[in-house]
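Undergrad: Just dropping this structure here.
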Amino acid sequence: MTTTVGAAPTAMDEKARRTRDLLASFYNTDPAAAGAVAASPARPSPTAATASPLESINSTSFNPDVYMDVLVQQSNLEALLQRHVKMAAEIKNLDTDLQMLVYENYNKFISATDTIKRMKTNIAGMETNMEQLLSKITSVQSRSDTVNTSLFNKRENIEKLHRTRNLLRKVQFIYDLPTRLNKCIKAGAYVDAVRFFTGAKPIFEAYGDTSFQDCKKASEEAMDLVIQQLQAKLYTDSEPIEARAEAVVLLKQLNFPVDNLKSNLLEKLEDCLLNLQTEPTQASVGDISKTFRAYLIIFPDSESRLIELAHALFTNRYETVRGALKERIPSTDLLAMLRGLWEDATAIDEVISEAALPAFSLETTRDIIKQHIATAFLHLQTEISDVLVTHSTSNEKLEESQLQTAMEKSKIKVSQGCIDLLQEFRHLIDGNTELLVKLKDLIIDWVQEGFQDFFQKLDGHFHLLSGRSTGFSQESSTVDFVQIDKVPTVLVLMLAQLCVFIEQTTIPKVTEDLADSFSGGGARSSEYGPPFVPGEICRLYRSSGEKFLQHYINIKTQKISKLLNKRFSTPVWLKHKEPREVNMFVDLLLLEFNGVVSEVKQILPGLIRRHRHSDSTGSTTSSRSNPMREDMLNRSNTNRSRSQFLENHLAKLFEQKMEIFTKLEYTQESVISTVLKLCLKSLQEFVRLQTFNRSGFQQIQLDMEFLKSSLKEFIDDEAAISFLLKEVNNAAHERCLDPIPLEAPILDKLINAKLAKIKEQSANM
């Protein structure tokens, strides 16, 4: 395919070359030259004489006999026939080309002959017309010379009179100049007055001391008044700035020194700019633009000072916008202010391009929008903190509905606050102005970085509020440091639940909205990674929620442990009297447990109640109704009791192993169960630190038996509670000098009396 395409231009070039050779041989009168030219296209060899006979058919030394002999010797019959056909075709092509060439040249010769005939016909009458024109021109020239000769003297007189008339007019103008100047002063036409005086000034310089002395003096007095009026206009604040600029131009035309005027005028301009900073309008900015243009024309060397004034003007106006950011303002209002400043900077840049106000405005707007985004996140963090602190640090005890309402308000403030911020920030990228288009990628990165930083700082702020401020900055500007012993426990529990809400609800919603409205960006360097990493934030809040929940349990456990410590360290257990009722500390302990249950049920979600667990031995009957234990309690001698204690220890080795502390979860059952178990373990340890007599041991037995029936109201893990209470009894048994328990009937009687007393108190309330 390539060979075919390349062969076509070669054939066309060959045809064109052959046509040129034919034309050259046709018009060339030298036969040798013609033969050389004709021979060149057939074989471009420079030595035609040395060519073979078969290749010299187009040369001047062609010999037909030799050519035929060589051709017959070297070719067979078939080759001779092909050579014949090819040569016949070439002869035919040559005849055709020659005929066409002759025909074309013949047509050109005929056309040239016709053209020459028409030219001869048109030129035939032109010579006569040219002769007539020459005679007429000669006649006009002779008559013109005659008129010039006859009017020469009169023309000189007319020109002399005209010069005299002009001189008289000037003289009359000089004599009338004082009157004209006074009229201009009365009419306020100071431009005309200056123009008249500057026009007459050359005459006053030449003849002012002789012929026009009085006129010069009167005119100068009038111009002194004009200069005073121009100076008064220059320093009058009510005069338009264009009128004052015109006054400076007129004073310069009168050669009045204006250097001091320039400084005074620039000071007035600076005062004018200061007055326009508070309430700038488009009209005022237009006036400033005109003023700058006028100053550049009047004072070309004042450009640097004007640039300083322009920068000072926009710096102060942008500082006003920065001041407004201290209070949270809508993004639409901020955009309106920034858009107005951008338009003003563009308008003044058309006059003073060296000030580079658009670049300055773009850089300043970049910082302001970044500050606006950061301020919005800071305000949201403060609002969330206020909602939490206000409802959790109230001195009055909140009712159940109020605490639940506070928790819901906190969740709404976090979730809706983030949504509102996204809606606000969406206005920053939806605008189609040149300013916002240039900053769109940066704004997207700032918003994503802002959410990343906001959630991290909010987590640190939560730790500060909970008293777990180790490793976090002291944000003294937003919240005072909270001492651990003064931290409301309900606040810690609310923070734990709020962390779960942020992880499971808020962050996925924010991530989805960012992907919908704030995708793109890319202005942030790739080495810093993506600006918003939701997985990292989720892990952070998951960890913090677990810490807050554990912190809440620790606070509650420590508070109850202080109560237990006071209970067991105050009395002298070796001198304890015989128990007559359940000890008062049990009421206090149950009161604390009720407080924990109340807080947890209002904040944390509930859990489907399970079937009651049996104790570790698989028995679901009360220990008081156990015949074996009744038989044991009825034994009266100490040796028998201690033998039974050893049997209990041996029995524990074969009991089913019970898991007391399970994984902590965000449920009411898990938190309440963990607090109770930790408190009972603390109770066991406090018992182990004391030494009891028989009455002290029986008091512990009575208290634990009452707790066993009372704690069933709080959790369903009855087996674990029974096991821990049994461990407390065993610890008291170990530390007792005479471990003889109360008999079952006495134990039941005392417990029933306590229950009746509680019922009576509830009825009275």
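Undergrad: Any idea which residue in segment 514-528 is modelled with the lowest pLDDT, counting only those that are open to solvent by 30 Å² or more (accessible area, probe 1.4 Å) and not in a helix (DSSP H, G or I)?
TA: 525
Undergrad: Can we say residue 434 is in contact (Cβ under 8 Å) with a residue 24 or more places away in the chain, of a type in the set (Asp, Glu) and more than 23 Å from residue 539 (Cβ to Cβ)?
TA: yes
Undergrad: Hey, another quick one. Could you tell me whether segment 601-622 includes any residue that is charged (D, E, K, R), over 30 Å from residue 513 (Cβ atoms) and at pLDDT 85 or above?
TA: So the first thing to find is which residues in segment 601-622 are charged (D, E, K, R), and the list is 601, 609-610, 612, 615.
After this cut, where a residue has to be over 30 Å from residue 513 (Cβ atoms) as well, the list is 601, 609-610, 612, 615.
With the extra rule that they be at pLDDT 85 or above, the set shrinks to 601.
Checking segment 601-622: at least one residue is charged (D, E, K, R), over 30 Å from residue 513 (Cβ atoms) and at pLDDT 85 or above.
Undergrad: Please enumerate the residues belonging to segment 668-680 that are out of contact with any Phe, Trp or Tyr (no Cβ under 9 Å at 6 or more places or on another chain) and either polar (S, T, N, Q) or at pLDDT 90 or above (or both).
TA: 668, 670
Undergrad: Report, by residue number, each residue of segment 318-345 that is farther than 30 Å from residue 380 by Cβ and either among the charged types (D, E, K, R) or open to solvent by 50 Å² or more (accessible area, probe 1.4 Å) (or both).
TA: The initial filter retains those residues of segment 318-345 that are farther than 30 Å from residue 380 by Cβ, namely 343-345.
Listed by number, the residues that qualify are 343, 344.
Undergrad: Just wondering, is there one or more residues in segment 147-169 that are open to solvent by 70 Å² or more (accessible area, probe 1.4 Å), closer than 30 Å to residue 229 by Cβ and either acidic (Asp, Glu) or in a helix (DSSP H, G or I) (or both)?
TA: yes
Undergrad: Quick check: anything in segment 322-331 charged (D, E, K, R), out of contact with any helix residue (DSSP H, G or I) (no Cβ under 8 Å at 6 or more places or on another chain), at pLDDT 85 or above and farther than 15 Å from residue 288 by Cβ? Please lay out each step first, then the result.
TA: Here is the first cut: in segment 322-331, the ones charged (D, E, K, R) are 322, 326-328.
Then keep just the ones that are out of contact with any helix residue (DSSP H, G or I) (no Cβ under 8 Å at 6 or more places or on another chain); that gives 327.
If we keep only those that are at pLDDT 85 or above too, we end up with none.
Scanning segment 322-331 turns up no residue that is charged (D, E, K, R), out of contact with any helix residue (DSSP H, G or I) (no Cβ under 8 Å at 6 or more places or on another chain), at pLDDT 85 or above and farther than 15 Å from residue 288 by Cβ.
Undergrad: Hey, another quick one. Just to be sure I understand, how many residues within segment 555-567 are of a type outside the set (Ser, Thr, Tyr), farther than 17 Å from residue 688 by Cα and open to solvent by less than 60 Å² (accessible area, probe 1.4 Å)?
TA: Summing the residues that are of a type outside the set (Ser, Thr, Tyr), farther than 17 Å from residue 688 by Cα and open to solvent by less than 60 Å² (accessible area, probe 1.4 Å) in segment 555-567 gives 3.
Undergrad: While we're here: Is one or more of the residues making up segment 228-242 hydroxyl-bearing (Ser, Thr, Tyr) and either in contact with an Asp or Glu (Cβ under 6 Å, 6 or more places away or on another chain) or modelled with pLDDT of 80 or more (or both)?
TA: Looking through segment 228-242, none of the residues is hydroxyl-bearing (Ser, Thr, Tyr) and either in contact with an Asp or Glu (Cβ under 6 Å, 6 or more places away or on another chain) or modelled with pLDDT of 80 or more (or both).
Undergrad: Is there a residue being among the small types (Gly, Ala, Ser) and farther than 23 Å from residue 291 by Cβ anywhere in segment 168-191?
TA: Yes.
Undergrad: Still on this model: Does residue 712 qualify as being open to solvent by 30 Å² or more (accessible area, probe 1.4 Å), modelled with pLDDT under 90 and either over 16 Å from residue 731 (Cβ atoms) or in a strand (DSSP E or B) (or both)?
TA: Details: open to solvent by 30 Å² or more (accessible area, probe 1.4 Å): yes; modelled with pLDDT under 90: yes; either over 16 Å from residue 731 (Cβ atoms) or in a strand (DSSP E or B) (or both): yes.
Here the answer is yes, as residue 712 does meet what is asked.
Undergrad: With the checklist (1) assigned to a helix (DSSP H, G or I); (2) surrounded by fewer than 15 Cβ atoms within 10 Å (Cβ to Cβ); (3) not β-branched (Val, Ile, Thr) in hand, flag the one item residue 374 doesn't pass.
TA: (2)
Undergrad: Looking at the structure I just gave you, is residue 539 within 32 Å of the chain's Cα centre (by Cα) and open to solvent by 20 Å² or more (accessible area, probe 1.4 Å)?
TA: It is true that residue 539 is within 32 Å of the chain's Cα centre (by Cα) and open to solvent by 20 Å² or more (accessible area, probe 1.4 Å).
Undergrad: Which members of segment 664-697 meet the condition of being touching a residue at least 60 places away in the same chain (Cβ under 8 Å), in contact with a strand residue (DSSP E or B) (Cβ under 9 Å, 6 or more places away or on another chain) and open to solvent by 10 Å² or more (accessible area, probe 1.4 Å)?
TA: Across segment 664-697, the qualifying residues are 691, 693.
Undergrad: Filter segment 568-597 for residues that are in a helix (DSSP H, G or I), open to solvent by less than 70 Å² (accessible area, probe 1.4 Å), under 22 Å from residue 685 (Cβ atoms) and aliphatic (A, V, I, L, M) and give the result.
TA: Answer for segment 568-597, where residues must be in a helix (DSSP H, G or I), open to solvent by less than 70 Å² (accessible area, probe 1.4 Å), under 22 Å from residue 685 (Cβ atoms) and aliphatic (A, V, I, L, M): 586, 589, 590, 596.
Undergrad: So which of 510, 492 ends up being at pLDDT 85 or above, in a helix (DSSP H, G or I) and more than 28 Å from residue 598 (Cβ to Cβ)?
TA: Result: 510 is the single residue among 510, 492 that is at pLDDT 85 or above, in a helix (DSSP H, G or I) and more than 28 Å from residue 598 (Cβ to Cβ).
Undergrad: I'd like the full set of residues that are over 19 Å from residue 670 (Cα atoms) and not charged (D, E, K, R), limited to segment 698-724.
TA: Selection gives 698, 699, 700, 701, 702, 704, 706, 707, 709.
Matching residues to (1) open to solvent by less than 70 Å² (accessible area, probe 1.4 Å); (2) free of Cβ contacts under 8 Å to residues at least 12 places away in the same chain:
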position: 70; (1), (2): yes, no
position: 74; (1), (2): no, no
position: 82; (1), (2): no, yes
position: 86; (1), (2): no, yes
position: 90; (1), (2): no, yes
position: 99; (1), (2): no, yes
position: 108; (1), (2): no, yes
position: 131; (1), (2): no, yes
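Undergrad: Pairs needed: first member in segment 710-725, within 16 Å of residue 596 (Cα to Cα) and among the acidic types (Asp, Glu); second member anywhere, open to solvent by 10 Å² or more (accessible area, probe 1.4 Å) and modelled with pLDDT under 80; C-beta distance under 8 Å; at least 6 residues apart or different chains.
TA: 716/609; 716/610; 716/611; 716/612; 716/613
The values are calculated or read from the model by the stated rules, or taken from the named source; none is laboratory data. Please read all numbers here as calculations on a predicted model, not as lab measurements. FYI the Cβ positions are ideal-geometry reconstructions off the backbone, even for glycines, and counts take in every protein chain you see. Accessible surface areas use protein heavy atoms only, side chains included; no ligands, DNA or RNA. Shrake-Rupley method; radii C 1.70, N 1.55, O 1.52, S 1.80 Å.
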